[in-house]
Amino acid sequence: MGKGGGCVPSKKRQPPANTVAAAPSSSSAGAVPRDAPEETLDSAAGESGRTLRLYIVFYSMYGHVEALARQAAVGAGAVEGIEVVLRRVPETLSPEVLEKMQAPAKDPAVPVIAAPADLEEADGVLFGFPTRYGAMAAQMKAFFDSTGSLWEKQRLAGKPGGFFVSTGTQGGGQETTAWTAITQLVHHGMLFVPIGYTFGSGMFNMDDIRGGSPYGAGVFAGDGSRQPSEAELALAEHQGKYMAAFVKKLAQA
């Protein structure tokens, strides 16, 4: 099972610090490739006339997904007129179980989303989660299951959404975890926004191990001790910027 960083604790795991440090911005080496299509990196010409909100909602047990979420926020925040709102979904496991799984305490600086209805404020949403057998973790699924009232009235219809993921192994769900999550957006009438190959040459680099796919950014957590690489963080930053630009262009349409 892809762990992101997993359900079974490992003696090799070194719990990350509560606060996930941001990776170097896209201006540093190893970030957004220079040959990435310019139009996809444009922060959208013109002004929408109001501040647009991009919600980044995630679940992270060991900090890998949270690291991607924070870096996606860096990218999105670089787009003028975009306000980034970072939220985590509620935990469903008891403190006793989390302790046995060696899960570190969650950073209180990133609050739990108050209610699913908060998503109505969003002009776009990026969802991040680890894999469980090729699908989203139960905590994120529980959150989606709580959005019934929004679904009933189609409050999220027309809003763009995207995914970023964490898996324990190569081939452990980097694509299927996002692919199987698309059904959640479809039932809400949301628009799935993949990143495609807009990351340029970074999508084709075979020199280093890198998570991510055309569906969205990703990280390989391994047994939990491996932290996101610069390339994985750069892809997350690109996705945040790409989604923010998409949200802005959609608002101007």
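For ALA253, all conditions in the list (1) open to solvent by 10 Å² or more (accessible area, probe 1.4 Å); (2) touching a residue at least 12 places away in the same chain (Cβ under 8 Å); (3) of a type in the set (A, V, I, L, M); (4) farther than 19 Å from PHE129 by Cα hold save one; what is the number of the exception?
Going through the list (1) open to solvent by 10 Å² or more (accessible area, probe 1.4 Å); (2) touching a residue at least 12 places away in the same chain (Cβ under 8 Å); (3) of a type in the set (A, V, I, L, M); (4) farther than 19 Å from PHE129 by Cα, ALA253 breaks only (2).
Would you check which residues across segment 198-221 are in a loop (DSSP other than H, G, I, E, B), closer than 14 Å to GLY172 by Cα and either open to solvent by 10 Å² or more (accessible area, probe 1.4 Å) or among the polar types (S, T, N, Q) (or both) and list them?
Matches in segment 198-221: ILE209, ARG210, GLY212.
Is there a residue in segment 189-197 that is in a strand (DSSP E or B) and out of contact with any strand residue (DSSP E or B) (no Cβ under 8 Å at 6 or more places or on another chain)?
No, segment 189-197 has no match at all.
Checking GLY224 against (1) under 16 Å from ILE56 (Cβ atoms); (2) crowded, with 23+ Cβ neighbours inside 10 Å: exactly one of these is not met. Which one?
(1)
Give me the pairs: first residue in segment 167-189 and within 12 Å of PHE127 (Cα to Cα), second residue among the aromatic types (Phe, Trp, Tyr) and open to solvent by 20 Å² or more (accessible area, probe 1.4 Å), beta-carbon distance under 7 Å, and six or more apart or on different chains, which are they?
Pairs found: ALA178/TYR215; ILE182/PHE192; LEU185/PHE192.
Restricting to segment 133-160, name every residue that is closer than 17 Å to ARG88 by Cβ and in contact (Cβ under 8 Å) with a residue 12 or more places away in the chain.
Passing the criteria: MET136, ALA137, ALA138, GLN139, MET140, ALA142, PHE143, PHE144, SER146, THR147.
Could you figure out which of (1) open to solvent by 20 Å² or more (accessible area, probe 1.4 Å); (2) in a helix (DSSP H, G or I); (3) farther than 26 Å from GLU120 by Cα isn't true of GLU232?
(1)
Hey, among ALA78, ALA72, ALA109, which residue is among the hydrophobic types (A, V, I, L, M, F, W, C) and either without any contact (Cβ under 8 Å) to a residue 40 or more places away in the chain or in contact with a Gly (Cβ under 6 Å, 6 or more places away or on another chain) (or both)?
ALA72
Given segment 75-168, what helices (runs of 4 or more DSSP H) lie entirely inside it while holding 1 or more residues that are open to solvent by 10 Å² or more (accessible area, probe 1.4 Å) and closer than 13 Å to SER60 by Cα?
The helices (runs of 4 or more DSSP H) meeting that bar are 95-100, 138-145.
Can you tell me which residue in segment 48-62 is nearest to GLN139 (Cα to Cα), limited to those that are open to solvent by 10 Å² or more (accessible area, probe 1.4 Å) and modelled with pLDDT under 95?
Checked segment 48-62; the qualifying residue nearest to GLN139 (Cα to Cα) is THR51.
Being of a type in the set (Val, Ile, Thr) and farther than 15 Å from VAL165 by Cβ is the filter here; which residues of segment 194-208 pass it?
If the condition is that a residue be of a type in the set (Val, Ile, Thr) and farther than 15 Å from VAL165 by Cβ, then THR198 is the only one that fits.
The values are calculated or read from the model by the stated rules, or taken from the named source; none is laboratory data. Just so you know, these numbers come straight off a predicted model, no measurement behind them. Reconstructed Cβ throughout: ideal geometry from the backbone, glycine too, with neighbour counts over all protein chains shown. Each accessible area value is taken on the protein alone, full model and side chains, heavy atoms only, with ligands, DNA and RNA left out. Shrake-Rupley method; radii C 1.70, N 1.55, O 1.52, S 1.80 Å.
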